[in-house]
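*Asks:* I am attaching a structure below and will ask some questions about it afterwards.
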Amino acid sequence: MTERSYPIDDFTVKESWRLFRIIAEFVDGFETMAEIYPAVSIFGSSRVGPEDPLYEKARTIARLFAEDGFNVITGGGPGLMEAANRGAAEGGAMSVGLNIQLPMEQQPNSYANVSLDFRYFFVRKVLFIRYAQAYVVLPGGFGTLDELFEALTLIQTDRIKPFPVILVGNDYWTGLINWVRDRLLETGKISPDDLDLIQLVDDPDEVVAAVKRMVIV
């Protein structure tokens, strides 16, 4: 079987157009998000329905933030993202959905009153970080963990100004925190201060209070 080859010029043109698409996503994102302040980014599973208690908790947390003057940013999809956008809209805040284009899973939810679509994960992640004064992380899967550890890495390495990182759900997150302590900390892979970057909170009112203690807006 002969390996198919492409002309160098054809490859260069395709890569150049990809760069233009990336730049366009950044420009559109920066222009849209410029007035979204203050804001909290809320993360969680897309695979949680309205009948799940976690859905109502995410909705309540977002509504409380909205009533306290914070806008809410989510990944714009279903599940806990929908719940947070719903709560933010109900609380009268800007309810932002940064939706990622996926072939099977994600469609934008109807509760985001500011909505952007992204092709590139890394562009979307920049906006989550750049325009958030805090991260609130509810139970989720790989995508949620990706956002969590991206933020922790950037704070740990002084690439961004530290902000609160709140994990919601003791039952869900305690095993991960214990693993980080027993494996990463005990073997010298992180410093003791790195554990202080994470707060574990259950009650919605305490989530908002924890952010307000650390954030001056």
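*Asks:* Scan the stretch 159-171 for residues that are buried (at least 18 other Cβ atoms within 10 Å of the Cβ) and either of a type outside the set (A, V, I, L, M) or at pLDDT below 95 (or both) and jot them down.
*Replies:* Matches in the stretch 159-171: F163, P164.
*Asks:* Continuing with the same structure: Take Q106 and decide whether it is within 22 Å of V168 (Cβ to Cβ) and at pLDDT below 95. First the steps, then the outcome.
*Replies:* On the way: within 22 Å of V168 (Cβ to Cβ): yes; at pLDDT below 95: yes.
Here the answer is yes, as Q106 does meet what is asked.
*Asks:* Can you give me the number of residues within the stretch 151-184 that are farther than 15 Å from V201 by Cα and among the β-branched types (V, I, T)?
*Replies:* Residues in the stretch 151-184 being farther than 15 Å from V201 by Cα and among the β-branched types (V, I, T): 5 in total.
*Asks:* Still on this model: Looking at S191 and the list (1) free of Cβ contacts under 8 Å to residues at least 24 places away in the same chain; (2) surrounded by 15 or more Cβ atoms within 10 Å (Cβ to Cβ); (3) small (G, A, S), which single condition is not satisfied?
*Replies:* The number of the failed condition is (2).
*Asks:* So how many residues does the stretch 155-214 have that are closer than 17 Å to T144 by Cα and small (G, A, S)?
*Replies:* 2
*Asks:* Something else: Does the stretch 140-158 contain at least one residue that is within 21 Å of A66 (Cβ to Cβ), aliphatic (A, V, I, L, M) and surrounded by 13 or more Cβ atoms within 10 Å (Cβ to Cβ)?
*Replies:* No, every residue in the stretch 140-158 fails to be within 21 Å of A66 (Cβ to Cβ), aliphatic (A, V, I, L, M) and surrounded by 13 or more Cβ atoms within 10 Å (Cβ to Cβ).
*Asks:* Inside the stretch 70-122, can you point out the residues that are of a type in the set (D, E, K, R) and touching a residue at least 60 places away in the same chain (Cβ under 8 Å)? It would help to see each step written out before you state the result.
*Replies:* Looking only at the stretch 70-122, we keep the residues that are of a type in the set (D, E, K, R), and these are 82, 86, 90, 105, 117, 119.
Selection gives R119 alone.
*Asks:* Can you spot a residue in the stretch 79-93 that is under 19 Å from E35 (Cβ atoms), buried (at least 21 other Cβ atoms within 10 Å of the Cβ) and in contact with an Asp or Glu (Cβ under 7 Å, 6 or more places away or on another chain)? Outline the logic, then answer.
*Replies:* From the stretch 79-93, those under 19 Å from E35 (Cβ atoms) are 85, 88-89, 91-93; that's our starting set.
Applying the additional criterion that residues be buried (at least 21 other Cβ atoms within 10 Å of the Cβ) yields 85, 88, 91, 93.
Now narrow it down to the ones that are in contact with an Asp or Glu (Cβ under 7 Å, 6 or more places away or on another chain): 91.
Looking through the stretch 79-93, at least one residue is under 19 Å from E35 (Cβ atoms), buried (at least 21 other Cβ atoms within 10 Å of the Cβ) and in contact with an Asp or Glu (Cβ under 7 Å, 6 or more places away or on another chain).
The values are calculated or read from the model by the stated rules, or taken from the named source; none is laboratory data. All values derive from a computational prediction rather than experimental measurement. When we count neighbours, we look across all protein chains shown, and the Cβ atoms used for this are built from the backbone with ideal geometry, even at glycine.
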